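Following: one structure in structure tokens, then a few remarks.
The values are calculated or read from the model by the stated rules, or taken from the named source; none is laboratory data. What you are looking at is a predicted structure, and each value in this text was computed from that prediction instead of being measured. Neighbour counts run over all protein chains shown; Cβ positions are idealised from the backbone, glycine included. Accessible surface is based on the protein model in full, side chains and every heavy atom, while ligands, DNA and RNA are left aside. Shrake-Rupley method; radii C 1.70, N 1.55, O 1.52, S 1.80 Å.
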Amino acid sequence: VRDLGTPTRSVITTCAYCGVGCSFKAELNGDQLVRMVPHKDGRANRGHSCVKGRFAYGYAEHQDRILMPMVRENITDPWREVSWEEALGFAAKRLRAAQETHGRDSIGVITSSRCTNEETYLVQKLARAVFGNNNTDTCARVCHSPTGYGLGQTFGTSAGTQDFDSVEHSDVVVVIGANPTDAHPVFASRLKKRLREGAKLIVLDPRRIDILESVHIGERHHLELRPGTNVAVLTAMAHVIVTEGLADDAFIAARCAPDDAEGYGTFVSDPRHSPEATEIYTGVPAQTLRQAARAFATGGNGAIYYGLGVTEHSQGSTTVMAIANLAMLTGNIGRPGVGVNPLRGQNNVQGACDMGSFPHELPGYRHVKNPEVRKVYEDLWGVTISAEPGLRIPNMLDAAVAGDFKGLYVQGEDILQSDPDTHHVAAGLAAMECVIVHDLFLNETSNYAHVFLPGSSFLEKDGTFTNAERRINRVRTVMAPKAGMADWEVTQALANAMGAGWSYSHPSEIMDEIAATTPSFAGVSYEVLDQKNSVQWPCNDMAPEGTPLMHIAGFVRGQGRFMITEYIATDEKTGPRFPLLLTTGRILSQYNVGAQTRRTANTVWHDEDVLEIHPHDAEQRGIADGTLVKLASRSGEISLRASVTDRVAPGVVYTTFHHPDTQANVVTTDYSDWATNCPEYKVTAVQVSLSNGP
Ligand code: SF4
């Protein structure tokens with residue numbers, strides 16, 4: 001342990017890991033960061049934190065940081081360190097050359113949920129105003145894009161309905177496909193407190209997650225469903241509620257579109273959606289499901305929290321809509337203690353989506369086909385914006401393999417490691433003429449890059465992150481950008497190298513532009529954020545203090561819309577060769593692909609990914625705890641160590657994906673959500689065998 005001295009000053013900023021958005025005091029001795037102390041005035045954390053925010057910041061000063069821009073003619077050449085000017089000129093020239101040869105739409109960008117709202121806004125603006133296309137997508141594509149679609153369709157806005165304080169008023173809490181104890185620890189503490197006070201808990205998860213152990217006096221229901229059957233279970237819950245007369249008819253009559261409500265009632269009442277009918281393929285005992293449905297409908301304030309175990313499925317968007325249906329059916333919208341709450345995995349997933357990163361939406365979730373919205377930006381930016389949605393990440397890669405897509409600017413994202421079907425991603429990247437990686441470290445994607453632009457850690461950023469409760473938090477500069485340029489300055493310089501005339505001198509000016517063009521952000525400025533600590537959007541003339549709870553008097557879309565949620569089994573089937581189902585998740589001390597946490601002290605708590613397997617399945621295969629096993633699917637195979645445990649049900653195996661050696665996405669499939677292309681990471685048919693076996 002180095003003695004870093006006594007702190008002499010502090011800077012208040014926001015954690016850059018999960019979507020809870022904890023506030024921290026970065027305490028410094030001169031320019032030396034001594035420690036991160038959770039900030040008691042942080043509205044999301046109130047002085048609490050987890051081991052990631054508190055300890056896992058050392059990556060910012062890790063020796064692996066790349067601090068000089070680098071270029072190379074071909075991806076087989078060695079990197080050459082160059083000046084910023086040369087790197088940006090090289091990148092701009094290649095991107096323009098690709099467009100001249102292959103057309104305007106042959107290049108695009110990928111924004112990151114790791115970056116600030118201001119950085120993200122500029123990257124999508126780069127595509128729309130400088131590239132001249134809507135080829136912008138975000139890593140939210142592979143996590144919460146179904147939330148955007150599903151909540152947009154049902155409620156009219158693509159965000160959680162509540163603030164975190166709301167859980168203190170919940171009487172029954174449903175957790176679906178989320179593991180808050182590991183993935184959103186500070187929110188989990190608040191949830192556990194409520195459970196200790198007697199709130200009921202309903203968990204839909206193929207794995208026995210820790211939060212189940214927090215219930216000591218209230219009811220607890222674990223619906224240990226077969227991976228991929230969320231929609232069937234949720235629809236069966238609605239069946240029980242409707243057929244047993246437990247629906248909130250007054251709420252539905254007052255708040256929801258009547259024709260859709262009637263159609264939905266008829267749909268869910270069908271006997272094929274009964275718990276008894278669905279038990280066969282969901283694996284959830286009918287009586288357990290009935291009890292859970294009754295508990296939710298009759299238990300008082302009912303809140304639903306969900307994670308990627310909902311979205312990362314071929315029916316991810318349908319599942320989000322099924323959740324929204326359930327909330328409307330029981331009148332659990334529009335007051336404290338209720339609502340539909342996506343637990344966002346990364347710090348700024350919400351913001352990345354808000355800022356227009358998707359290829360079909362301008363900032364504020366407004367479709368590019370809307371001429372009035374396009375005109376706002378066309379007048380301001382002095383360009384014509386295409387009315388055609390651009391390419392999503394998988395479409396960019398498909399087009400690259402087909403020879404039609406040649407240039408990509410990737411900010412803060414390692415798509416080769418985090419996106420599905422690794423071989424296909426590699427083939428797409430290898431087919432491009434200009435791949436620009438803007439990041440802290442060389443990563444798997446940069447193996448295919450021609451330009452590497454050094455990025456800034458969260459400690460070097462000035463801007464805002466928006467957390468899972470729509471709270472816009474300030475991120476303040478703790479130390480100067482180590483590579484000499486902040487990320488927003490790099491994007492601006494790249495735009496200008498391609499002929500734009502951008503002249504932002506501070507991120508606050510970018511926020512001012514966001515506020516001037518995006519109605520839900522109209523009342524947001526750095527001045528307001530500094531005065532109020534943080535605000536939750538919408539923040540505008542109608543809601544100058546922000547909006548902790550949404551849809552109080554009416555839904556954003558007017559009337560709430562029930563959607564028909566027909567269960568369609570995934571095409572990923574088990575069979576004799578691949579009889580088990582693999583699902584994936586995260587552990588407390590590590591984070592996603594581990595690029596940051598593995599370069600911090602946290603790595604002492606977790607130095608390899610393991611495969612959880614039920615004792616019955618392990619015994620059948622001669623596998624003991626700690627044995628090295630082969631995990632094989634139709635896509636590929638990897639090796640990792642077995643952890644024999646009854647946390648997973650027979651027939652289900654589970655692993656994390658924090659270490660590059662594991663390469664879990666070598667085995668995942670290329671199936672994806674029907675509406676958004678969010679990959680189906682949570683269901684892969686696999687076989688597990690001894691590593692030295694057949
Ligand atoms: Fe950071 Fe999330 Fe932990 Fe809070 S709960 S300290 S935001 S990782």
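In whole Å, how far is the Cα centre of segment 134-202 from that of segment 359-429? Centre-to-centre (Cα) distance: 27 Å.
Helix 371-381 and the long axis of the chain differ in direction by around 30°, with both axes built from C-alpha atoms. Using Cβ point charges alone (K and R +1, D and E -1), the dipole size of segment 290-421 about the Cα centre works out to roughly 760 debye. Shown for segment 290-361 is the translational diffusion coefficient from the Stokes-Einstein equation, using the Kirkwood radius over Cα pairs, a temperature of 37 °C and a viscosity of 0.692 mPa s: 239 µm²/s.
Of the residues 40, 193, 482, 125, ranked by 1.4 Å probe accessible area with the largest first, the sequence reads 40, 193, 482, 125.
Computed over the alpha-carbon atoms, segment 60-138 gives an Rg to Rh ratio of 1.01, Rh here being the Kirkwood radius from the mean inverse distance.
Here the relative contact order of segment 75-149, from alpha carbon pairs under 8 Å that lie six or more residues apart, stands at 26 percent.
Using a probe of 1.4 angstrom and keeping all protein chains present, the accessible surface of the chain works out to 34 square angstrom per residue. Since only 500, 113, 222 are under comparison, the one whose Cα sits farthest along the positive direction of the charge dipole of the chain, derived from C-beta charges on Lys, Arg, Asp and Glu, is 222.
A full extension of the chain between residue 379 and residue 503 corresponds to an added length of 43.0 nm, given 0.36 nm per residue minus the alpha carbon distance.
The amide H of residue 421, built 1.01 Å from its N in the peptide plane, has 668 as neighbours under 5 Å, considering only residues 5 or more places off or on other chains. In segment 549-694, a dipole from Cβ-located charges (positive for Lys and Arg, negative for Asp and Glu) runs towards its positive end, and of 591, 581, 645 it is 591 whose Cα lies farthest in that direction.
Compared with the direct C-alpha span, the chain from residue 217 to residue 607 gains 136.8 nm at full extension, assuming 0.36 nm per residue.
If R0 is taken as 35 Å, the Cβ-Cβ distance between residue 277 and residue 104 corresponds to a FRET efficiency of 0.10. Could you tell me which of rounded, prolate or oblate describes segment 276-326, using a ≥ b ≥ c as the square roots of the eigenvalues of the alpha-carbon gyration tensor, with rounded for a/c under 1.5 and, failing that, prolate when a/b is larger than b/c and oblate otherwise? Oblate. Based on the Stokes-Einstein relation at 20 °C and a viscosity of 1.002 mPa s, and on the Kirkwood radius from alpha carbon pairs, segment 1-127 is assigned a translational diffusion coefficient of 117 µm²/s.
Sorting 497-509, 287-299 by their mean Cβ neighbour count within 10 Å, with the most densely packed peptide first, gives 287-299, 497-509. Charge dipole (Cα centre; +1 on Lys/Arg Cβ, -1 on Asp/Glu Cβ; no other charges) of the chain amounts to roughly 1020 debye. Here segment 54-85 and segment 291-350 have alpha carbon centers that stand 41 Å from each other.
Helix 286-298: angle to the longest alpha-carbon principal axis of the chain, degrees 0 to 90, nearest 10? Roughly 70 degrees between the two axes. Only Lys, Arg, Asp and Glu carry charge here, each on its Cβ (+1 for the first two, -1 for the last two); on that basis segment 186-229 has a dipole of about 140 debye about its Cα centre. Computed from Cα positions, the angle between helix 84-102 and the longest principal axis of the chain comes to roughly 70 degrees. Its relative contact order, with pairs defined as Cα atoms under 8 Å and 6+ residues apart, puts the chain at 20 percent. Taking only protein heavy atoms and a 1.4 Å probe, the accessible area of segment 336-479 is 52% carbon and sulfur.
Each residue, residue 553 and residue 168, gets one label point 7 Å from its Cα in the Cβ direction; the gap between the two is 2.6 nm.
Rolling a 1.4 Å probe over the protein heavy atoms of segment 159-272, with every protein chain left in place, gives an accessible area that is 47 percent carbon and sulfur. Remark: the residue 335-residue 29 segment gains 105.7 nm on full extension, using 0.36 nm per residue and subtracting the alpha carbon distance. The 3J(HN,Hα) values that the Karplus relation (6.51, -1.76, 1.60; θ = phi - 60°) gives for segment 556-565 are, in residue order, 4, 8, x, 8, x, 10, 6, 10, 6, 10 Hz. Gly and Pro appear as x.
Heavy-atom surface analysis with a 1.4 Å probe gives segment 602-678 a carbon and sulfur content of 48 percent of its accessible area. Segment 478-515 and segment 620-694 have Cα centres separated by 42 Å. Here is the size of the chain from its Cα atoms: Rg then Dmax, 24.3, 70 Å. Database remark: amide H of residue 201 closer than 5 angstrom to the amide H of 173, 219, 220, 221 (H placed geometrically; neighbours at sequence offset of 5 or more, or on other chains; Pro and chain starts carry no H). Anything over 18 Å Cα to Cα? Flag those among 93/461; 461/482; 125/482; 573/682, in the order listed. From 93/461; 461/482; 125/482; 573/682, over 18 Å: 93/461; 125/482. Cross-link partners among aspartates and glutamates for residue 532, C-alpha distance below 18 Å, same-chain residues fewer than 8 apart left out? Partners within reach: 41, 163, 165, 462, 469, 512, 541, 545.
Computed packing ranks the peptides 215-227, 64-76 as 215-227, 64-76, most packed first, by mean other Cβ atoms within 10 Å. For residue 306, the amide hydrogen comes within under 5 Å of the amide hydrogens of 176, 341, 343, counting only partners 5 or more places away or on other chains and with H modelled in the peptide plane.
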